[in-house]
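Report on the structure given below.
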Amino acid sequence: MATAGADGTVNTAVYARPHRGEKGELVWGMTEGKTWQNLRENPHASFLFKSEGRGWSGARLKLKLTGIRESGELLELIRQETVRVVSCQAAEAVCHAGYFSVEEVRPLI
């Protein structure tokens, strides 16, 4: 995920596959890191992914932060998956669920 702060300073970070919110939003668990700080100043972000399989299929998503939750069922699910995939310590750092609308979808290449 790529973000930029209010002053234009860019940050990129590796984020896992998103979850789906109740209204179809894309939702990621987030820590108090630079990506989170930038999103509080500027709600726009970009996320790209490569689809499984051969070749270069995938997409580039233009996103806009539409909501934040510090509790709830989906955030708990994200924390549980973080324990399974990464570690307990990483899951403890996940304190926000960022909800995003998809503003634009473009091919990966």
With at most 15 neighbouring Cβ atoms within 10 Å, loop GluC sites (Glu not before Pro) (DSSP) excluded, longest segment of the chain: 71-109
Ordered by number, the trypsin sites (Lys or Arg not before Pro) in region 51-89 that occupy a DSSP loop and have at most 13 other Cβ atoms within 10 Å are ARG54
Working out 0.36 nm times the residue gap between ALA90 and LYS23, then minus their Cα-Cα distance, what length gain in nm do you get to one decimal? 21.4 nm
Kindly identify region 1-82 as rounded, prolate or oblate by the Cα gyration tensor criterion: order the square roots of the eigenvalues as a ≥ b ≥ c, call it rounded if a/c is under 1.5, otherwise compare a/b with b/c, prolate if a/b is larger, else oblate. oblate
Run the helix sum for the chain: -39,500 (n - 2.57) per DSSP H stretch of 4+ residues, divided by residue count, reported at 222 nm to the nearest 500 deg cm²/dmol. -7000 deg cm²/dmol
Which of LEU108, LEU26 has the fewest other C-beta atoms within 10 Å, and how do the rest follow up to the most? LEU108, LEU26
Given Cβ charges of +1 for Lys and Arg and -1 for Asp and Glu, the option among THR12, LEU74, TRP36 whose Cα lies farthest towards the positive end of the dipole of region 2-107 is THR12
At what distance in angstrom do the alpha carbon centres of region 1-23 and region 76-105 lie from each other? 12
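Where a number appears in this text, it was derived from the coordinates with a stated rule and is not lab data. Treat the numbers as computed from the prediction; the structure is a model and nothing was measured. When we count neighbours, we look across all protein chains shown, and the Cβ atoms used for this are built from the backbone with ideal geometry, even at glycine.
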